[in-house]
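A short write-up of the structure that comes next.
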Amino acid sequence: MANENNKVITLMCERSADVNDLLDADGKIKSVDGLHAVKLPCSGMVQPIMIETALKQGAAGVIVCGCQIGDCYYREGNKMIRERLLGERVPTLKKATDRRRILALWLSRPQKERFIAEAGEFVKFVQGLPAPEPAAAPAAKPAPAAAKPAADAGPKTEAAKKAEATPEKKEPAAVVVDADGKVDSTKTVKPASEDSNDKDPKIEVEVAPIPEGRGPLEESSGDK
Amino acid sequence: MSAYEQLIKSGNKFFLVLEDLTNKIMTSKYNPLYYHGALPQFYLWVLFLSGLLLFAYYIPTVDNAYLSKGIINAWTSVEYINDKIPFGAVVRGIHRYAGDAMVITILLHAIRVWFTDRYRQYRWLQWFSGIVLFVMVLFIGQTGYYLVWDERSLALTRMTVYALEGVPLIGPGLKSWFLNGDTISNYTMSNYLFIHIGLSFSLLFGLWIHYVRMTRPVMTPPPAINYVLMALVLVFVFMFPITSGKMATLNGTPPTGFEMDWFFLAPYALMNVVPSVLVYWLIVVGITVGLCLLPMPWAFLIKEPPVEAAEVVLTKCVGCNLCYLDCPYQAIEMVPAPANSRFKLLATVMPYRCSGCGVCVGACAFDAIDLPDLPDANVLAQVKQIMEAK
Ligand code: HEM
Ligand code: SF4
Ligand code: SF4
């Protein structure tokens, strides 16, 4: 399990920092060990639950990368996910989500170098974090090794060992939201506000009265 | 890749580099290029306000037949505003230069949306209404120059009448509409004022069309940018004060030339060089229509599959409104849910408005809306694949 704890997944807008020439067919970013990318049309498509799922499956960290705030091709996508990460817009991250493992970068197309620098630093940082509690990482499923006859049997395992060897120490919340292509470390991704339900973001749904009195929220949220 | 695509691509690169630079100097929060649509909107408010103040003292008449001491007409009222009213010259200057600034910022806005490929497909209405707005703004600016009623106004009036008369079939009608009669009279002046102000207010209607498919259009720059925009205008107001030409006289020899203003009067320069009025209209109408059609599917000039609109999973949608609130293109409508549903509302996507951005996917906590191209399940599968690969 700890073996898988070295991967960092970037949920990445295809119009933001252009890493195409560093990306292999399996979504691995070649220049940083353990860094992977999944491309989306817009960072606004990122659901907080995607981040949570990646962490649950054992990712050491998740990076959300969108364009410069103000320059979203779709006008508002990056603002939306930014607000969701900051807990200002529903759906938000669950309270229990380890926010140290999430990084948001807002970088324009030519800012590849910057992406690599920031992401590399973050990868090192999260790999140094103590492994998440077992309960949070049901990565027990045996990985079908044949499923990916990938060319990426690189030296990743070393990084994993490093992660294992890290001493238990509590880091301060280190997740940063980058507003100008400059890391703004004063702005951490804060937990969803106190009143928000841990299971579900507070979402108001207008529901027709149901005789059995069963609410829709429990039911619909169960299927994720 | 076609030459056109190449052009757009290098244009895009130009803006990316420029914006990178402006971001470094001003940070993205104060980067004026990120408020490209809000800049002309700001100047429009300035124009409305300064125009209102000018309107208070402006008198739309051409009377000078009995030119003597106390004559009052458009020209003298403008002089009065300029010389006698406290800050009159400043307000007049602001009105003039804010107009010029509006043209510049509209061009910047239009070129940016064009070069960054933000003008076609689901955005065609914004582009189309934008061109109409721009033509209206140019015409409003021209009518502003008629209102001063100096020799330039007279020359412009004569040229306009000549051009309108030359339109086949409806020419004479256009002429008498424009002059509000057969000859230049006091009625002409009140018509000018009506066109100038009436069209200005019609801009608001045009802007409504321009904005109707955008959620929360960015119309107001941060105050700091507004101050700078205003300061720029004031610099010109004080460095290059506005003056009128000589008062127009209807019974003297007509003026043969005038001082050019390239922001608004460029069509008159064109009129001077074309062989006939008909050619002039063909060029003017041709350019306008051509620009309007630029985003149309058969003129895309860019080969690309059409946008695949987001789709709602009817059985999963609980009608929570979140996608509707977050969609940047007003593409989602909440309709009453079918009778057998437990919920009151159901999200529906208007495919012709949808950009395929997936913001609604990010907004939905119920997994009920998806892009056919890239469902969220697909994203999760990719994540899983990466996690499971060794
Ligand atoms: C009266 C002048 C104009 C004003 C005040 C104006 C204002 C705006 C504003 C505020 C936006 C919203 C920007 C955003 O929030 O993303 C916008 C969008 C847009 N405008 Fe204009 N505009 C004007 C003229 C034009 C012209 C001349 C064109 C081009 C021919 C144009 C094309 C567009 C397009 C295509 C968009 C959509 C951009 C996008 O979806 O990202 N506009 N305009
Ligand atoms: S966010 Fe999802 S559940 Fe809510 S209205 Fe939209 S599609 Fe339906
Ligand atoms: S993909 Fe969704 S959010 Fe984006 S324009 Fe279409 S309906 Fe709106």
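Here, each number is a calculation from the coordinates, and none is a lab measurement. Remember, predicted model here, so these are calculated numbers, not experimental data. Methodologically, a virtual Cβ is constructed for each residue, glycine included, from the backbone with ideal geometry; neighbour enumeration extends over all protein chains shown.
Data overview
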| read-out | value |
| --- | --- |
| Size of the stretch A:4-127 as Cα extents on the principal axes (Å, biggest first) | 34, 32, 22 |
| Estimated D of chain B in µm² per second, where Rh is the Kirkwood radius over Cα pairs and Stokes-Einstein applies at 25 °C, 0.890 mPa s | 100 |
| Structure-based [θ]222 nm, chain B - -39500 (n - 2.57) summed over DSSP H runs of at least 4, per residue, nearest 500 | -18500 deg cm²/dmol |
| Per-residue mean of C-beta atoms belonging to partner chains within 10 Å, peptide B:348-361 | 4 |
| The stretch B:16-150, relative contact order [Cα under 8 Å, separation at least 6], % | 27 |
| For the stretch B:6-124, the fraction of alpha-carbon pairs in successive 5 Å shells from zero, as % | 2, 10, 13, 14, 13, 11, 9, 7, 7, 7, 4, 3, 1 |
| Projected label distance in nm at B:Thr315 and B:Phe55, using a 7 Å step from Cα toward the beta-carbon | 6.0 |
| DSSP loop GluC sites (Glu not before Pro) with at most 16 other Cβ within 10 Å: longest gap in chain B | B:1-258 |
| Exposed-site-free run, longest, chain B (rule: chymotrypsin sites (Phe, Trp or Tyr not before Pro); DSSP loop; at most 11 other C-beta within 10 Å) | B:88-261 |
| 19 Å Cα-Cα threshold exceeded, pairs from B:Lys9/B:Lys303; A:Lys79/B:Lys344; A:Lys7/A:Lys30; B:Lys9/B:Lys29; B:Lys175/B:Lys246 | A:Lys79/B:Lys344; B:Lys9/B:Lys29; B:Lys175/B:Lys246 |
| Per-q log10 I(q)/I(0), the stretch B:90-156, q = 0.15, 0.16, 0.21, 0.25 Å⁻¹ (Debye; single scatterer per alpha-carbon; no solvent) | -0.60, -0.65, -0.89, -1.07 |
| Relative compactness, the stretch B:293-390, computed as alpha-carbon Rg over 2.2 N^0.38 Å | 1.28 |
| Per-residue HN-Hα couplings for the stretch B:269-279 [Karplus 6.51, -1.76, 1.60; θ = phi - 60°; Hz; x = Gly/Pro] | 5, 4, 4, 5, 9, 6, x, 8, 4, 4, 4 |
| Residue-by-residue Karplus 3J(HN,Hα) for the stretch B:79-87, coefficients 6.51, -1.76, 1.60, Hz, glycine and proline x | 4, 4, 4, 5, 9, 9, 6, x, 6 |
| Net charge dipole size for chain B [Lys, Arg +1 and Asp, Glu -1 on Cβ; Debye, nearest 20] | 340 |
| Stokes-Einstein D in µm²/s, Kirkwood radius over Cα pairs - the stretch B:211-356 at 4 °C with 1.567 mPa s viscosity | 59 |
| Under-5 Å amide H pairs with A:Val38, H placed in peptide plane, nonlocal only | A:Thr10, A:Leu11, A:Met12 |
